[in-house]
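The values are calculated or read from the model by the stated rules, or taken from the named source; none is laboratory data. All values reported here derive from a predicted model rather than from experimental measurement. With ideal geometry, Cβ positions are generated from the backbone for all residues, glycine too; neighbour counts draw on all protein chains shown.
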Amino acid sequence: MSEWLAYGTGHRKDATAKVWLKPGTGEVTVNGKSMAEYFARERLVVLVQEPFLRTQTEGQFDVTAKAFGGGVAGQAGAVRHGIARALVGAREDLRTVLRRTGLLTRDPRVKERKKAGLRRARRAKQFSKR
């Protein structure tokens, strides 16, 4: 894979994305499908394109991503994080812009574990006086 310019790994919740960048026309492919086809909601498509919009590099790179784990929204966030990291790998001068907008920071929020004696992480059984 020597034609690839940069690589970045992104994470969000339980989702992980491996992202490869190469010079091109701005085509984004996720798991073998176009971005609009894979992320059916418009909000997720805009979310994935955010690193390019913030750095004014839209249409300059082709993206190939493999996303797995979590749900569709988490995978979109992971792809966004991976694209931001790969952009820094391709052009170091973009680091400050991406850092200021918070795109290089991994969102640490994950599902809390279920506790013993409860129904969910914090949901207790319903109280009955009688």
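Quick notes on this structure:
- Scanning region 32-51 for residues that are within 12 Å of Thr64 (Cα to Cα) and surrounded by fewer than 14 Cβ atoms within 10 Å (Cβ to Cβ) yields Gly32, Lys33, Ser34.
- Candidates Arg123, Arg80, Arg109, Arg130, filtered to the one that is surrounded by fewer than 18 Cβ atoms within 10 Å (Cβ to Cβ) and modelled with pLDDT of 95 or more: Arg123
- Screening region 82-108 for residues that are part of a loop (DSSP other than H, G, I, E, B) and touching a strand residue (DSSP E or B) at 6+ places or on another chain (Cβ under 9 Å) and picking the one that is farthest from Val46 (Cα to Cα) gives Arg91.
- Positions within region 100-130 being under 14 Å from the mean Cα position of the chain (by Cα) and among the basic types (Lys, Arg), in sequence order: Arg106, Arg109
- Annotation note: of Val79, Val45, the sole residue that is assigned to a helix (DSSP H, G or I), in contact with a Phe, Trp or Tyr (Cβ under 8 Å, 6 or more places away or on another chain) and β-branched (Val, Ile, Thr) is Val45.
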